[in-house]
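Here is the structure we will look at.
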Amino acid sequence: MSVPRRRAAGAPNPTVLDVEKLRKDFPILRQEVRKKPLVYLDSAATAQKPRAVIDAIDRYYLEDNANVHRGVHLLSERATEAYEGAREKVQGFIGAAHAHEIVFLRGTTEAINLVAQTYGRSRVSSGDEVLVTVMEHHSNIVPWQMLCEEKGAALRVAPMDDAGQLLLDEMEKLIGPRTRLLALGHVSNALGSIHPVREIVEMAHRRGVPVLLDGAQAAPHLAIDVRQIGCDFYAFSGHKLFGPTGIGVLYGKSELLEEMPPWQGGGDMISSVSFEKTTWNKVPHKFEAGTPDIAGAIGLGAAIDYVSRVGLPRIAAYEHDLLGYATEALQTVPGLRLVGTAKEKAAVLSFLLGDVHPHDVGTVLDREGVAIRTGHHCAQPLMRRLGVAATARASLAFYNRREDVDALVKALHKVREVFA
């Protein structure tokens, strides 16, 4: 999302979100920390959970707790219906053609590892190449690095400019006859840059190269349609989408999932087992070995219901406005430098404050009740490209207000006083 100019004080808000009402849905936001009202600005690390999600998980354990796919009794039937119902909600949320294209896993990290260890192992050979970008989270670097080391392949890296925007011409030059996969984030977790993924997918497909998108930072902020984007794989996590931890999603095109071998062996991923031969269950079940995170999937379904009721277009518009306000507000702090100024951004603000180490910035802010993230954000190669060891990162969600931004700015002035 592009960063708009800050509106004059008192100007009407063009969005229709009743944020104060929505905040009441998030019990954790009511508390004080360090005797100060909590200002939570770390949603890119994990988002807070609405009561609807908490209640859905409680209800499963209180009323429907049973294993799925395996029982003929009523509790198992209800659990299975809720679990598979969550899969259908994910299908609708990202615009997949079929529910069986949705695989439940522990999160984005496990989803990417699944693709690397199944699709990657069967398609990548010595001398081949896997292409990523310099902005990737470690979860979209290390699995491919491990695969390349195992296969004798090469990991290629697409560059960016100083604002945090991918250099598409340079990326295109890196897509060659030995490129077997392009893997990139939809939105940068460290900088908030929104990449033109549809254009990138079309670029790769013209050369017969499939594309995996890490959507962990996109799913909470942007409307996603995997068929419109055209990607071959899409991964995201529940806990960043206001759902529970320990649940995530891999979308894969049907024909690819059918061809891919299973990753883990165990119960429920089989059709038949003998000591001589085992045959696999149909997709997506052949990728879901053992008892799944049933409560997590149900909680994710509840989170999707909640976000859908609020409306992603309204969320995006509100966050777009709040990001613009925050961008200009932070620039009033003497000595503060924003890191990552792409034209199209999601609600992430990385910054440095003079010579104060980001960890010290975060510590002082915590004393003022303001929660942010500091460090390399699991993006060490990106930090090296930027020439810094770490940044402070404030990340916004639709439950944040301008008052939260003002509290952040006030706390940053406190940092300057402490380290003057």
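Quick notes
- Any hit, region 89-105, residues being under 16 Å from Gly152 (Cα atoms) and touching a strand residue (DSSP E or B) at 6+ places or on another chain (Cβ under 6 Å): no
- Verdict on Glu63 being farther than 25 Å from Ile372 by Cα, touching a strand residue (DSSP E or B) at 6+ places or on another chain (Cβ under 9 Å) and charged (D, E, K, R): no
- Residues located in region 247-271, provided they are of a type in the set (A, V, I, L, M) and touching a residue at least 24 places away in the same chain (Cβ under 8 Å): Ile247, Val249, Leu250, Leu256, Leu257, Met260
- Candidates Leu105, Leu131 - the one that is under 21 Å from Thr291 (Cβ atoms) and in contact (Cβ under 8 Å) with a residue 60 or more places away in the chain: Leu105
- As a summary of the residue check, Leu41 satisfies the conditions (1) surrounded by fewer than 16 Cβ atoms within 10 Å (Cβ to Cβ); (2) under 19 Å from Leu323 (Cα atoms); (3) modelled with pLDDT of 95 or more; (4) in contact with a helix residue (DSSP H, G or I) (Cβ under 8 Å, 6 or more places away or on another chain) except for the one numbered (1).
- Flag for Gln48 being modelled with pLDDT of 95 or more and either among the acidic types (Asp, Glu) or more than 30 Å from Thr291 (Cβ to Cβ) (or both): no
- When Glu344, Glu319 are checked against the criterion of being modelled with pLDDT of 95 or more and within 29 Å of Arg87 (Cβ to Cβ), Glu319 stands alone in meeting it.
- The set of residues in region 311-358 that are among the basic types (Lys, Arg) and buried (at least 18 other Cβ atoms within 10 Å of the Cβ) contains only Lys345.
A quick yes/no check of all residues on (1) farther than 20 Å from Phe236 by Cα; (2) assigned by TED's automatic domain parsing to the domain that holds Ile175; (3) under 17 Å from the mean Cα position of the chain (by Cα):
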{"position": "Ala45", "(1), (2), (3)": "no, no, yes"}
{"position": "Arg59", "(1), (2), (3)": "yes, yes, no"}
{"position": "His73", "(1), (2), (3)": "yes, yes, no"}
{"position": "Glu84", "(1), (2), (3)": "no, yes, no"}
{"position": "Glu88", "(1), (2), (3)": "no, yes, no"}
{"position": "Ala97", "(1), (2), (3)": "no, yes, no"}
{"position": "Leu114", "(1), (2), (3)": "no, yes, yes"}
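- The criterion of at least 2 residues that are buried (at least 24 other Cβ atoms within 10 Å of the Cβ) and touching a His at 6+ places or on another chain (Cβ under 9 Å) is met, among strands (runs of 3 or more DSSP E) falling completely within region 191-310, by 211-214, 233-237.
- Criterion (in contact (Cβ under 8 Å) with a residue 60 or more places away in the chain and touching a Ser or Thr at 6+ places or on another chain (Cβ under 6 Å)) met by exactly one of Val405, Val339, Val370: Val339
- Unmet criterion (only one of (1) modelled with pLDDT of 95 or more; (2) exposed (fewer than 14 other Cβ atoms within 10 Å of the Cβ)) for Pro14: (1)
- Members of region 165-223 that are acidic (Asp, Glu) and over 21 Å from Val142 (Cβ atoms): Asp169, Glu170, Glu172, Glu199, Glu202
- Here the helices (runs of 4 or more DSSP H) wholly within region 317-420 that include at least 3 residues being in contact with a helix residue (DSSP H, G or I) (Cβ under 9 Å, 6 or more places away or on another chain) and not assigned by TED's automatic domain parsing to the domain that holds Pro220 are 358-367, 402-418.
- Condition check for Gly120 on (1) closer than 18 Å to Gly246 by Cα; (2) in contact with a helix residue (DSSP H, G or I) (Cβ under 8 Å, 6 or more places away or on another chain): one failure, at (1).
- Of all the residues in region 126-154, those that are hydroxyl-bearing (Ser, Thr, Tyr) and either in the same structural domain as Val339 (by TED's automatic domain parsing) or under 26 Å from Pro284 (Cα atoms) (or both) number 1.
The values are calculated or read from the model by the stated rules, or taken from the named source; none is laboratory data. Since we're looking at a predicted model, the values are computed, not measured. A quick note on method: Cβ atoms are made from the backbone with ideal geometry, for glycine too, and the neighbour counts reach across all protein chains shown.
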